[in-house]
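Scroll down for the structure; my scribbles are underneath it.
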Amino acid sequence: MVADYRTVSPGIARLAALIELHGEAIEADLAFRGIDLRDLWRGDLTYRRLAVLVAALPAESLTKTAIRDGMSPAQLARAQASRTARPGHGPWSNSELLLALVADRLGVMIWQNGGKKSAPRPDPIPRPGVAAPGRTVTPQGVAYLADMRARRNRELGREAN
């Protein structure tokens, strides 16, 4: 089994590796759009069309979520920093980022109207792959996050990524 589809040469081999890793998510996303993944083997769906459909899935799709979940913190940071990164391959989708922003702003509003001048300003919701203002992500921090992800995957019975 392929551990990371991104290590496979681009083209049909990479798409096959992606199907091997996240086939159920791809199948469900396509089914929601009225397309049967089995059509690939029946000859009614080409690899090119499948690649286009998968690339165009929204960030909230099961496939893009599975891909993000399989990325290490370092890979997430690289994908976010890369100018060639496609939307949906960052740590959170735009909807999730906007929801966190709304929650942060609501927290500040409540804090401002609370009446206690000594109350501490609420901390914003941490966003994965985004360093807090004034802080930098160190290699030790990336290693720690990777260790925590591996530990969580072991607890959930998942294979290491």
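Values quoted throughout were computed directly from the atomic coordinates according to the rules given, and no laboratory measurement underlies them. Here the structure is a predicted model, which means the values were calculated and not measured. Cβ atoms come from the backbone with ideal geometry, glycine included; neighbour counts cover every protein chain shown.
With a 10 Å radius around each residue's Cβ, average the other Cβ atoms per peptide and rank 30-40, 117-127, 52-62, 13-23, highest first.
Result, highest mean Cβ count within 10 Å first: 13-23, 52-62, 30-40, 117-127.
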Item to check | Radius of gyration and maximum dimension Dmax of the range 1-69, Cα, Å | outcome: 11.3, 31
Checklist entry - Taking R0 as 30 Å, what's the FRET efficiency between VAL102 and ALA51 from their Cβ-Cβ distance, rounded to 0.05? => result 0.30
